[in-house]
Amino acid sequence: MSDVAAIVLAAGRGTRFGDEPKLLARLGGKALVRHVAEAAVGSSVDPVIVVTGHRSEEVEAALHGLPVQILHNALFAQGLSTSLKAGFSALPPRARAAIILLGDMPFVKADLIDALVVGWRERGEPAALIPTLNGRRGNPVVLSRDLQAAIEGLSGDIGAGPLLRGRSDVLEWPITDPAVAQDIDTREDFAKHRM
């Protein structure tokens with residue numbers, strides 16, 4: 001068992017993508033969200049909690065057969081913060097941290113997840129460990145359980161970013177893997193990666 005869990009945020013509408021549910025768009029024969037969940041399942045983290053919301057039944061169907069814990073966020077329309085809070089509330093007692101995975105980042109692989117978790121441990125388990133690529137912050141981010149109370153205070157369509165700014169116990173971790181900056185927001189993004 002791991003003392004770090006994964007929270008896959010897969011509840012949003014993805015409105016910039018158009019009418020088709022973004023997380024269900026198929027890349028390499030699989031839904032985007034399944035790529036992310038498979039990476040988490042293949043890593044050392046446990047459990048893998050997938051927070052669903054918009055089109056939840058279809059998202060759950062895309063994850064069929066994977067050993068993940070599905071958590072439906074009935075408040076998903078109120079924004080990203082509600083999914084982050086729901087995921088943290090579902091962490092098992094042994095979890096000292098969670099790595100937050102975005103359902104639209106299909107190029108994040110298990111070895112990157114494991115490297116970030118190892119980095120978090122080796123650097124003394126800071127409040128957060130944030131990967132950076134060429135000086136820009138990316139995802140996934142490892143968040144310490146110590147942030148849970150602050151996360152509970154979030155509202156609206158924001159993640160943990162505002163909580164992490166200016167804190168001395170938040171560490172940036174330079175990395176060369178471009179996956180930390182490759183999310184799919186629009187059909188143009190998707191088309192680029194399908195080639």
Q.
When you check Asn134 against the structure, is it surrounded by 14 or more Cβ atoms within 10 Å (Cβ to Cβ) and polar (S, T, N, Q), yes or no?
A. no
Pairs returned, first residue in region 63-83 that is within 19 Å of Leu101 (Cβ to Cβ), second residue that is of a type in the set (Lys, Arg) and not in a loop (DSSP other than H, G, I, E, B), beta-carbon separation under 8 angstrom, 6 or more apart or interchain, are Leu63/Arg34; Leu66/Arg34
Of the residues in region 17-34 that are small (Gly, Ala, Ser) and in a loop (DSSP other than H, G, I, E, B), the one that is modelled with the lowest pLDDT is Gly18
Might you let me know whether region 103-118 holds any residue that is at pLDDT 95 or above, crowded, with 19+ Cβ neighbours inside 10 Å and among the basic types (Lys, Arg)?
no
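Can you pull out the helices (runs of 4 or more DSSP H) entirely within region 35-149 that have at least 3 residues that are over 12 Å from the mean Cα position of the chain (by Cα) and of a type in the set (D, E, K, R)?
Fully inside region 35-149 and qualifying: 56-62, 110-122.
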- If we scan region 143-150, do we find a residue that is farther than 17 Å from Asp3 by Cα, hydrophobic (A, V, I, L, M, F, W, C) and surrounded by fewer than 23 Cβ atoms within 10 Å (Cβ to Cβ)? yes
Result of the Cβ filter at 8 Å on region 113-142, keeping first residues that are within 10 Å of Ile99 (Cβ to Cβ) and partners that are of a type in the set (Asp, Glu) and outside any strand (DSSP E or B), at least 6 apart or interchain, is Asn139/Asp183
Practice item. Take Gly166 and decide whether it is modelled with pLDDT under 95, out of contact with any strand residue (DSSP E or B) (no Cβ under 8 Å at 6 or more places or on another chain), surrounded by fewer than 19 Cβ atoms within 10 Å (Cβ to Cβ) and not in a helix (DSSP H, G or I). Key: yes
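The values are calculated or read from the model by the stated rules, or taken from the named source; none is laboratory data. Computed from a prediction, not measured in an experiment: that's the story for all the values here. Cβ: placed from backbone, ideal geometry, glycine included. Neighbour counts: every protein chain shown.
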